[in-house]
Amino acid sequence: YLSIKELPFMVVRAAGSHGVDLIALRWDFSFPIEVKSSADHILHFSRSARLGEQADWMLQECSKSRILPIYAMRLKKTGNSVKGDPWRLFCIPCDFELKGSAGLLQRRIPKLTRGPSGNYIMNWEEGMKLSDFFRYTKPDME
């Protein structure tokens with residue numbers, strides 16, 4: 001985690017309830033991040049129509065700009081809480097391929113899956129650890 005201090009992201013909290021929660025910016029990356037938290041390891045987007053609509057909107061907007069739509073899931077502390085990092089990252093499956101460093105992230109970050117009804121599912125166990133994400137985004141400044 002200390003590697004992110006070398007060249008951190010500027011993170012902007014996006015206002016409002018219709019857009020994304022955070023925008024992460026740095027000279028080599030920029031991406032919107034939608035944050036979800038759950039006491040359960042699996043978050044079904046079918047539990048609320050708004051969750052699916054929000055993901056579809058985010059994918060549509062990111063497709064226009066060719067940027068990677070990222071979801072961050074925080075596992076809430078419960079009686080059988082997880083040790084270590086409670087955060088996991090996912091991206092929405094895109095019908096376009098990014099190039100360069102963003103393309104590497106697109107290939108490495110686990111995708112949201114779809115259930116039988118077509119709704120997205122986020123399984124915390126399948127997500128990318130935040131520390132792994134920081135390792136992949138560490139710039140090679142040599």
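Can you tell me, using C-alpha contacts under 8 Å and at least 6 residues apart, the relative contact order of the stretch 10-142 as a whole percent?
Working: 205 pairs, mean separation 30.0, N = 133.
Once divided by the residue count of the stretch 10-142, the mean separation gives 23 percent.
Near M58, once Lys and Arg are set to +1 and Asp and Glu to -1 for all other residues with Cβ below 13 Å from its Cβ, the sum equals -2.
Between S63 and A15, the distance separating the two model label sites (each 7 Å from Cα on the Cα→Cβ line) works out to 3.0 nm. Remark: the Cα gyration tensor places the stretch 30-95 in the oblate category, a/c being 1.5 or greater and a/b not exceeding b/c.
If R0 is 35 Å, what FRET efficiency do you get for A49 and L104 from their C-beta distance, rounded to 0.05? Don't jump to the answer; show the numbers that get you there.
Working: r = 34 Å, r/R0 = 0.96.
Given R0 = 35 Å and the Cβ-Cβ separation, E is 0.55.
The count of lysine pairs in the chain whose Cα atoms are under 22 Å apart, excluding pairs fewer than 8 places apart on the same chain, comes to 18. Would you please classify the overall shape of the chain from the alpha carbon gyration tensor, given that a ≥ b ≥ c denote the square roots of the eigenvalues, rounded means a/c under 1.5, and beyond that prolate means a/b larger than b/c while oblate covers the rest? It is oblate, given that a/c is not under 1.5 and a/b is not larger than b/c.
Read-outs: derived from the displayed coordinates by stated rules, not from any lab. Treat the numbers as computed from the prediction; the structure is a model and nothing was measured. Note: ideal-geometry Cβ built from the backbone for every residue, glycine included; neighbour counts use all protein chains shown.
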